[in-house]
Amino acid sequence: MNDQQENTRENGYSVSGGKDSHAETSAGAAGKPIILAVDTSTALLAMALVRGEETLGSVQSMAERNHSVYTVTKLKSLLDDCGVTPEQLGGIAIGRGPGSYTGMRIAVSVGKTLAWVWKKPLIGVSSLEALAFGSMQPGAGAVDWYVPLMDARRGQVYTALFAASENGGWTRLAEDGVRLMKDWVDVLADRVHAAAERSEAPERIWFVGDLSLHEAEALRLQECLGAKPAADGSPASGSDSGNACGTAALCDVRLLPSVMEGRAVAVLGAQRLANGEGDDVHTFVPNYTQLTEAEVKLQAKSREKEGERSGSDR
């Protein structure tokens, strides 16, 4: 952090950025829209102002029961601290869940109101995708898989699956949904085995997000893939031996506790905006639905059919 940037803590909030920070924009960010991002789907209030690859400022707060109290106030402070006016914004990216039922509604309500009043594009972003994207690690293998986790109680998790490639690619492999963690680990083991038969197995699988209640099941995937966690807690290493789940050691499984980053919401929102995508202010709603695995698959099939019909109409 340079001398022109501020980093303060106030009421449990971490606020980074400053009035002059956005003046130091890199050449690559010049001319790109400034995106305001807000996510309240987890215990952490996450905000950011991002232009291109540069984070102008960000806010993080572990204040689960106070999101409704602080969101608007801290949003205004973030804009003021970075010297950014509503007129300068290119869009508003909102984490739409899944996650905390009450929390999601706060960010969505704020985003809809500001987008309407300021006449700015509204871009919804999957909170699970943002959690995974913000947890991406450098030095990826040919392909790494990311499994974001948010606790959904009774042994369930909000989760999805994404792939990151060494050339910067980012792909969704499974839809957002609520799943029993035990069953989800079995599904992931099967998917790795199937991918290995096509010589497409990932080099590493990262469990990211809220791991506190689900670490044991995540570690079980290591065992299913023949990769035993080291005694010192270092990443698991593969072996050629079989195991109780019937697969060989196909990849490393790594656990990375992480929290939501406003920057990830902003970057994903900027990508949607650049692709000409956005959401209607009047119909935009949080992703409340606790989908079963069957419902997730049904939704995916419906989207595939719609895509096929669209392609045939061209």
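Here are the numbers for this structure:
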{"item": "Candidate set: the stretch 179-203, residues that are in contact with an Asp or Glu (Cβ under 9 Å, 6 or more places away or on another chain) and buried (at least 19 other Cβ atoms within 10 Å of the Cβ); chosen: the one nearest to Gln271 (Cα to Cα)", "result": "Pro202"}
{"item": "Scope the stretch 189-237; condition in a loop (DSSP other than H, G, I, E, B) and at pLDDT 90 or above; matching residues", "result": "Arg198, Ser199, Glu200, Ala201, Pro202, Glu203, Asp210, Leu211, Ser212, Leu213, His214"}
{"item": "Given (1) in contact with a helix residue (DSSP H, G or I) (Cβ under 7 Å, 6 or more places away or on another chain); (2) modelled with pLDDT under 95; (3) hydroxyl-bearing (Ser, Thr, Tyr), index of the condition Tyr146 fails", "result": "(2)"}
{"item": "Residue within the stretch 204-214 that is charged (D, E, K, R) and surrounded by fewer than 18 Cβ atoms within 10 Å (Cβ to Cβ) present", "result": "no"}
{"item": "Residue within the stretch 54-63 that is closer than 22 Å to Asn275 by Cα and surrounded by fewer than 20 Cβ atoms within 10 Å (Cβ to Cβ) present", "result": "yes"}
{"item": "Where Met136 falls short, out of the listed (1) touching a helix residue (DSSP H, G or I) at 6+ places or on another chain (Cβ under 9 Å); (2) among the aliphatic types (A, V, I, L, M); (3) in a strand (DSSP E or B)", "result": "(3)"}
{"item": "Meets criteria (in a loop (DSSP other than H, G, I, E, B), modelled with pLDDT of 95 or more and either of a type outside the set (S, T, N, Q) or under 24 Å from Arg172 (Cα atoms) (or both)) for Lys120", "result": "yes"}
{"item": "All strands (runs of 3 or more DSSP E) inside the stretch 1-116 with 1 or more residues being of a type outside the set (A, V, I, L, M, F, W, C), out of contact with any His (no Cβ under 8 Å at 6 or more places or on another chain) and at pLDDT 90 or above", "result": "34-39, 54-62, 89-95"}
{"item": "Test set (1) within 18 Å of the chain's Cα centre (by Cα); (2) under 23 Å from Arg204 (Cβ atoms) - Ala152 fails condition number", "result": "(2)"}
{"item": "Qualifying positions in the stretch 122-153 - touching a Lys or Arg at 6+ places or on another chain (Cβ under 9 Å) and over 26 Å from His214 (Cα atoms)", "result": "Leu122, Ile123, Gly124"}
{"item": "Cβ pairs under 7 Å, 6+ apart, first in the stretch 172-194 and free of Cβ contacts under 8 Å to residues at least 24 places away in the same chain, second aliphatic (A, V, I, L, M)", "result": "none"}
{"item": "Any pair with Cβ under 7 angstrom, 6 or more apart, that starts in the stretch 130-154 at a residue that is under 13 Å from Ala264 (Cβ atoms) and ends at one that is assigned to a loop (DSSP other than H, G, I, E, B) and of a type in the set (D, E, K, R)", "result": "Gly134/Glu261"}
{"item": "Subset of the stretch 41-87 [among the small types (Gly, Ala, Ser) and under 19 Å from Ala270 (Cα atoms)]", "result": "Ala46, Ala48, Gly52, Gly57, Ser58"}
{"item": "Residue list for the stretch 139-178, filter: buried (at least 18 other Cβ atoms within 10 Å of the Cβ) and outside any strand (DSSP E or B)", "result": "Ala140"}
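The values are calculated or read from the model by the stated rules, or taken from the named source; none is laboratory data. Here the structure is a predicted model, which means the values were calculated and not measured. With ideal geometry, Cβ positions are generated from the backbone for all residues, glycine too; neighbour counts draw on all protein chains shown.
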